[in-house]
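Colleague: Mind having a look at this structure? Questions to follow.
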Amino acid sequence: MMSLAFALAMWSGSDDNHRQAVALVERSMQVLGGRSRLESIRSATVRFSGHAYLAEQSERPTGPFLCVYSRGTQTLDFDAFTMKGDITSAGLIFGPDETHRTVSVDPATAKGASPLESWLIRRRLMLGPERTLFLAAQAPDLALEKDRVFNGVPHQVVKFQWGKTPVRLFLKRGTASPSAIETTSPMPFPWSVWGDAVATTRWGQWEAHQFGIMSPDQFTTDVNGIVIDDETVVSSELTLGAGQAMVATPMEPVQTATAALMDRYKPVSVADGITQYQGPFNTFVIDQPDGLVVVEPVLDSSFATAFLDRLAKDFPGRQVKAVVPTDDAWPHFGGIRTFASRGAELVVLDLNRPIVQRLLDASYRTFPDEFARHSAKPQVRVVSRSLSVGTGPNRFVLYPVAGQGSERMMMIYFPERRLLYGSDLLQKTATGFFFASYPKELAAAVAREGLAVETVFAEHLGPTPWKTVTDFVESIGRG
């Protein structure tokens, strides 16, 4: 039994740690201009230029990543926690034209912004350098952690709980100048795939404003070690006035309602015993004598649960024996944890084995999925060359595509049906196919393997005559 003296000593030590942490945060406020001057910041109007990385759908999980370039103006209200902006974006996913948007975000609603953008904006308003030091100073559990080397230099670290979200602040040792904020929480799609994600925003290129108030011109955010957003403030103007610094109530952890998307999925028969469920990201089921095979465990764990419940109704009494992700784009394999928890064999391309393992190892503390609640050792079969799976008319053969942009994709061929599944390589447009090199790489892989194809379907394509693809490939060759 703990003695009263020991308990008092423990309490005293904890209390002393808290006082030191509060003093350090107050000192950091002085670096940024002082408590009273920071309290006077009501809003900021900024002109910015930046870029975001689409790690979830790039050719490689290590990068380089697809990039979206943005510029525009933002008005940030730090009392109401609102942002209004005019943003112009460009990049490969937009084609040759720029796209203009009017964006407005408040704590409850968002217009003109994706769920991920809205989450990042709210986090910027509520946990940015203008307000987060006040939030930390009043946190009853504020505490010092061990010093860490961050950005290559020694830092002191303070932590506190903001609702259900753990928060850390990195303050330079010796000066208490703030360098970054870190949060650990679920994030909107596509980062919902990774459970509790660690998001770190680094602040740099500090600018002096009126009365010596300091604010950063560089905001760089990485998630799980991957930079996803980098914004440079080109010019800014602070609006000052009397009043206290408003501190935001905690944001509720994001629980993306992907399961509700199941209602949008419609079954389409590709062949007898081969059913494609068409929706935002297509998935399909192969009925073989010894069980079902699901190709593309799409979206995330919650959707996978809803999808498996749907299969139990559509294929009563049939078990899913295996699941095959044919690509490493996160939305294409994000539900694999649920399949693993139910004992399905994971059939994975050798190059994608590391990223699949990362997903299996991900933390789901806030919203435990089936795999987190009933963890079982997954059965994994690694594919490095052609692999035949099953028997009967729906026997299929997996082939690594091994193209320039399709190095981490597999195609699936059904010999008895002269049917091909083309992974993520075929997306129809008004004039042909998106990213013309992809159908070219698929056609080259089919010719390399000597396959006789009559019909093709894919992640974003229903059953289509193979001649549509070969005619397109020939047309760009002639061009």
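The values are calculated or read from the model by the stated rules, or taken from the named source; none is laboratory data. As the structure is a computational prediction, the values presented were derived from the model and not from experiment. Counting neighbours? That spans all protein chains shown, and the Cβs are built from the backbone with ideal geometry, glycine included. Ligands, DNA and RNA are excluded from the accessible area calculation, which covers all protein heavy atoms including side chains. Shrake-Rupley method; radii C 1.70, N 1.55, O 1.52, S 1.80 Å.
Colleague: Name the residue, out of Arg122, Arg71, that is among the basic types (Lys, Arg), farther than 17 Å from Pro178 by Cα and assigned to a helix (DSSP H, G or I).
Modeller: Arg122
Colleague: Continuing with this model, one more query. What are the residue pairs meeting all of these: first residue in the range 134-147, first residue more than 13 Å from Asn17 (Cβ to Cβ), second residue open to solvent by 10 Å² or more (accessible area, probe 1.4 Å) and part of a loop (DSSP other than H, G, I, E, B), Cβ atoms under 7 Å, and 6 or more apart or on different chains?
Modeller: Pairs found: Phe134/Ala245; Phe134/Val247; Leu135/Val247; Gln138/Val247; Asp147/Arg173.
Colleague: Step by step: first the residues of the range 360-394, then only those that are of a type in the set (D, E, K, R) and farther than 21 Å from Gly343 by Cα, then the one that is most open to solvent (accessible area, probe 1.4 Å). Which residue is that?
Modeller: Applying the filter and picking the extreme gives Arg385.
Colleague: State whether the residues of the range 439-447 include one that is open to solvent by less than 10 Å² (accessible area, probe 1.4 Å), in a helix (DSSP H, G or I), of a type in the set (Gly, Ala, Ser) and out of contact with any helix residue (DSSP H, G or I) (no Cβ under 7 Å at 6 or more places or on another chain).
Modeller: Scanning the range 439-447 turns up at least one residue that is open to solvent by less than 10 Å² (accessible area, probe 1.4 Å), in a helix (DSSP H, G or I), of a type in the set (Gly, Ala, Ser) and out of contact with any helix residue (DSSP H, G or I) (no Cβ under 7 Å at 6 or more places or on another chain).
Colleague: If we scan the range 342-352, do we find a residue that is assigned to a loop (DSSP other than H, G, I, E, B) and in contact with a helix residue (DSSP H, G or I) (Cβ under 6 Å, 6 or more places away or on another chain)?
Modeller: Within the range 342-352, none of the residues are assigned to a loop (DSSP other than H, G, I, E, B) and in contact with a helix residue (DSSP H, G or I) (Cβ under 6 Å, 6 or more places away or on another chain).
Colleague: List the strands (runs of 3 or more DSSP E) that sit entirely inside the range 129-213 and contain at least 1 residues that are open to solvent by less than 30 Å² (accessible area, probe 1.4 Å) and among the aromatic types (Phe, Trp, Tyr).
Modeller: Strands (runs of 3 or more DSSP E) meeting the threshold: 143-150, 153-162, 165-172, 196-208.
Colleague: Sort out which residues of the range 84-113 are surrounded by 13 or more Cβ atoms within 10 Å (Cβ to Cβ) and outside any strand (DSSP E or B), and write them in order of number.
Modeller: Ile93, Asp106, Pro107, Gly112, Ala113 - these are the residues of the range 84-113 that are surrounded by 13 or more Cβ atoms within 10 Å (Cβ to Cβ) and outside any strand (DSSP E or B).
Colleague: Also, quick follow-up: I need a count of the residues in the range 253-305 that are within 19 Å of Ala344 (Cα to Cα), in contact with a Lys or Arg (Cβ under 8 Å, 6 or more places away or on another chain) and open to solvent by 40 Å² or more (accessible area, probe 1.4 Å).
Modeller: Number satisfying all stated conditions: 2.
Colleague: Quick one: in the range 220-248, of everything that is in a loop (DSSP other than H, G, I, E, B), over 15 Å from Ile121 (Cα atoms) and touching a residue at least 40 places away in the same chain (Cβ under 8 Å), which residue is most open to solvent (accessible area, probe 1.4 Å)?
Modeller: Gln244
Colleague: Now a separate question. Could you check the range 252-327 for strands (runs of 3 or more DSSP E) lying wholly inside it with 2 or more residues that are farther than 15 Å from Phe457 by Cα?
Modeller: 283-288, 291-295, 320-324
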